[in-house]
Amino acid sequence: MFGDLFEEDSSFLPTNHCGKGKKAKAREGDPPAPRDSTNLSGIQNQGGTCYLNSLLQTLLFTPEFRVVLLQWVFLFPIAEALFSLGPEELGSLDDSRKPEAKVRIIPLQLQRLFAQLLLLDQQAASTTDLTESFGWSSQEEMRQHDVQELNRILFSALETSLVGTSGHDLINRLYHGVVVNHIVCKECKNVSERQEDFLDLTVAVKGVGGLEEALWNMYVEEEFFEKDNLYRCGACDKLVEASKSAKLRKLPPFLTVSLLRFNFDLQKGERYKETSCYTFPTRINLRPFCEQTEMDESEYMYELFSVIVHKGGCYGGHYHVYIRDVDELGNWQLPEQEDRPGGAQGPAEDGPGTATPLALLQGLLAQEPCKELAVDQLGQKLLEHQGVAWNKKYRKQHGALRKYLQNHPEIFQLSPDATKVGLKDVPKLLLQLQSQTLQSPSQRNSLMGQSKDNPPSSRAPSGGHWFDLNDSKVQPIQEKDLEKQFQGKESAYMLFYRQAQLQRPPEARGNPRYQIPEHLVSEMKAANAELHRKRAERDSARHGIELHVHLGSHYRLQQGALQPSLPSQDNVLELTMDSRRTLGDLQHHLGQMLGSWQGDLVLSVAKPLAAGLHLYHVLEGDELSLAALGLADGAHLFLWNGKEVGGTKVPTGPAHEPVVLNVLRLAGHNEGGKGLHFRESQHVFSCSSSLGEVHRALAPAGGILLRNSSGAQEEAKRWEVFQEEELKETVGSIGLRDGCSVLILDSHDQSFVDISSGNLTAFTSDISWLQVKNFCGTQEEERVVKITTTIDTVMADIKRRAIKELHLQEELASGSCLRPVGGNGKLLSPVPEDYTLKEAELTTGSLLGLCHGTAPTSTQVL
């Protein structure tokens with residue numbers, strides 16, 4: 001009959017199922033989130049159980065269904081309800097696997113679920129145990145009902161489960177009504193009567209303007225049998241004219257109305273959803289539709305308290321429910337409430353649920369031990385408390401958060417860089433009021449401190465406010481929002497009314513534990529304690545940071561950086577602290593660990609650099625949290641007297657960071673291994689050192705200092721001479737960092753390169769060297785020298801320098817040539833003297849022989 005009507009279309013699912021506006025998904029293993037600001041619990045969607053969730057919330061917010069006493073004026077005696085049924089009648093879930101035990105699982109699981117929804121401090125409860133008690137073990141079984149069908153099936157299952165208990169007639173007592181149909185013969189006036197029981201009334205939507213019109217058509221208007229459509233009268237025993245009518249003979253305390261939104265188009269041969277306007281009142285008088293009309297007017301008055309809404313079409317969609325909080329268990333506060341004038345007086349004047357942004361921010365800061373937070377952290381705390389970010393809720397009206405804080409200097413005090421905010425001196429009473437407005441639901445509604453004799457102080461007006469319960473998400477709405485569900489693809493599907501004369505006892509108002517059996521209260525207390533423990537462990541793990549505390553007495557200052565004087569494990573204390581603890585807590589903890597520490601106990605932020613450990617600013621503000629001080633996981637701290645280490649004053653701060661420079665020099669004749677151009681060495685300079693100081697420390701007289709100006713992606717390195725005016729710059733301002741290379745060229749090295757306009761045109765990869773062996777003398781005179789070259793050096797220059805290095809006569813230059821020596825030691829053909837090293841295809845370290853003879857020219861080489 002229902003086909004795909006009850007299939008849940010994911011496109012209609014709420015975008016946020018966490019109720020606090022957070023996008024991030026909870027990490028696996030985390031305890032469930034606590035209740036949000038409404039103090040009401042949602043229900044998790046198992047993947048198609050939104051219809052079940054909506055119905056369960058409706059039953060939960062039917063107080064007479066769940067509590068032990070139903071006081072029905074005149075007509076109804078005291079009845080036993082769900083929570084009045086104890087283990088002696090229902091059994092225990094602990095015995096459910098014992099073959100001989102009689103355990104009524106469905107009502108027991110429903111009791112436990114209701115207890116969780118009322119008392120357990122979690123954002124959304126799970127229905128897995130309940131659906132398993134139904135025998136639903138697959139997605140297909142969960143999706144086999146729409147909410148109207150489920151309502152009947154659930155009641156039937158409950159009735160079956162409660163047979164033989166004092167609650168056997170629970171459903172009948174609350175929901176059972178009677179309709180009587182009359183047919184009156186126009187001739188003999190005989191009345192034929194047929195009585196029908198109902199748990200819900202099904203009313204038409206098509207062609208009807210609203211609920212009252214539909215009820216009028218059903219229970220006031222008469223249908224006539226005449227002409228070709230006559231009625232066979234049992235008394236007359238013939239076809240006669242007659243009239244047919246129906247009346248409500250017995251009204252239940254709770255009236256459920258199912259709307260026939262879905263129809264079949266015979267012409268098109270397809271189903272469709274009736275989306276036309278269909279109104280329904282929040283208060284209705286049923287006297288015109290009843291058989292008996294002589295009772296007091298109050299007996300016929302009903303008030304709407306639940307509307308199950310279907311969003312989508314006849315082939316799929318999503319259910320959620322609007323519910324009136326009859327017992328005023330929730331905290332009702334509309335998100336769109338605006339800031340009222342009056343500054344800091346707002347919280348004292350406003351009633352519960354009307355806290356302004358100013359009051360919220362003050363209250364959040366008032367809850368902090370140090371009364372100070374980073375602005376970003378304040379925004380995060382507002383998100384966690386309100387379930388919505390500042391930018392989404394307040395920015396349009398009040399501007400950015402930082403700007404809003406700056407606009408209230410009489411309340412907030414910002415740091416010079418506007419990254420932190422604190423409270424100015426505000427009267428304690430005002431801070432207490434603001435802090436109370438920000439109490440968590442678990443604080444406001446604690447099981448430990450709340451009882452029927454001590455209900456919560458903040459309550460909604462008589463009658464209760466409305467909430468939208470959408471699976472895990474719960475949010476406050478206004479009564480006028482019901483009108484949005486009169487028509488459209490998102491529209492009312494089931495209506496639930498309660499007799500207006502049903503009054504709740506004063507002790508039930510705002511008291512979720514009212515009449516709940518003690519064994520369930522105890523179970524929820526234990527579960528809340530376990531949740532609190534797990535959340536504390538999670539918070540500790542999330543907020544725990546590892547700190548590396550270096551002991552100043554075990555360090556010495558060397559080359560501008562702090563170096564350990566003992567093995568590393570003896571220099572550093574490793575400890576884990578909660579980032580919400582204060583600097584004073586950390587200092588106290590260290591003082592206890594280091595009982596023998598002498599003198600002041602000062603902590604500075606430190607950072608291991610290539611040169612060693614360097615210190616930055618001193619941590620100040622004993623009342624500030626470690627997070628507010630900017631300490632993150634893995635932070636390094638230095639414990640000292642704040643003045644000197646080992647009798648030496650220590651330069652601190654970014655301006656004095658030590659930088660390790662890689663200093664390169666061209667390799668000499670007998671320096672460097674095969675293929676090496678440079679001698680390398682490391683030198684440490686402070687960022688505050690001038691380049692002039694670096695030049696004087698590294699370069700000999702007449703030497704020049706060069707830096708690498710190549711891009712990171714270039715294969716070749718280009719070196720650029722530091723100009724005279726740049727020598728006044730500092731290492732830090734010129735951009736030299738750890739690992740940067742500088743090249744030193746003395747006056748001799750400069751002869752190998754071409755310096756023009758301050759640029760070194762030779763690339764370092766072009767600098768090479770060759771070996772030249774003397775073959776012009778006796779065997780005893782054979783010597784090998786190393787010649788530094790570039791790839792553009794011509795062979796004639798190499799020969800001339802080799803003759804000079806070998807201390808041979810200059811006249812030999814005109815009667816000699818250079819011949820490569822092969823791998824087998826044989827001399828190869830002479831190389832033309834006008835060839836460059838590159839053209840001769842000689843590699844670094846190649847061996848040439850200086851031999852008698854004449855070298856060919858480049859034109860003579862084939």
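Throughout, read-outs are computed from the coordinates displayed, never taken from laboratory work. Please read all numbers here as calculations on a predicted model, not as lab measurements. A quick note on method: Cβ atoms are made from the backbone with ideal geometry, for glycine too, and the neighbour counts reach across all protein chains shown.
Using the count of nearby Cβ atoms within 10 Å as a rough guide to exposure, how do L828, L55 rank from fewest to most? Walk me through the numbers before you get to the answer.
Numbers: L828 11, L55 22.
Starting with the residue having the fewest Cβ neighbours, the order is L828, L55.
Show me, for the stretch 374-390, the HN-Hα J-couplings you get by feeding each phi into the Karplus relation (A = 6.51, B = -1.76, C = 1.60, θ = phi - 60°), rounded to Hz, glycine and proline as x.
Calculated HN-Hα couplings, in order: 5, 4, 4, 5, 4, x, 5, 5, 5, 4, 5, 7, 8, x, 8, 6, 4 Hz.
What residues have an amide H closer than 5 Å to that of V205, excluding those fewer than 5 places away on the same chain, when H is modeled at 1.01 Å from N in the peptide plane?
L260
Return the loop-located trypsin sites (Lys or Arg not before Pro) in the stretch 466-497 (DSSP other than H, G, I, E, B) with at most 16 other Cβ atoms within 10 Å of their own Cβ; answer none if there are none.
Values: sites: K473, K480, K484, K489; in loops: K489.
In loop regions of the stretch 466-497 (DSSP not H, G, I, E or B), the sparsely surrounded trypsin sites (Lys or Arg not before Pro) are K489.
Which entries of K607/K649; K643/K728; K392/K473; K371/K393; K206/K311 have Cα-Cα distances beyond 27 Å here? Please report the intermediate quantities before stating the final value.
Details: K607/K649 18 Å; K643/K728 30 Å; K392/K473 18 Å; K371/K393 24 Å; K206/K311 18 Å.
Among K607/K649; K643/K728; K392/K473; K371/K393; K206/K311, the Cα-Cα distance tops 27 Å for K643/K728.
By counting other Cβ atoms within 10 Å of each Cβ, how are M593, M301 ranked from fewest to most? Spell out each step's value before the answer.
Details: M593 11, M301 16.
Placing the least packed residue first, the sequence is M593, M301.
In the neighborhood of V203, defined by Cβ-to-Cβ distances under 14 Å, what is the net charge if each Lys or Arg adds +1 and each Asp or Glu adds -1?
Details: positive: K206, R261; negative: D200, E212, E213, E221, E274.
In short, -3.
So for K186, K420, K804, fewest C-beta neighbours within 10 Å to most, what's the order? Intermediate results must be reported in sequence, preceding the final value.
On the way: K186 17, K420 20, K804 13.
Ordered from fewest to most neighbouring Cβ atoms within 10 Å, K186, K420, K804 come out as K804, K186, K420.
Excluding K525 itself, what net charge comes from residues whose Cβ is under 11 Å from its Cβ, given Lys and Arg +1 and Asp and Glu -1? Each step should come with its number before you reach the end.
Values: positive: R513; negative: D121, E518, E523, E530.
Once all neighbours under 11 Å are counted, the net charge is -3.
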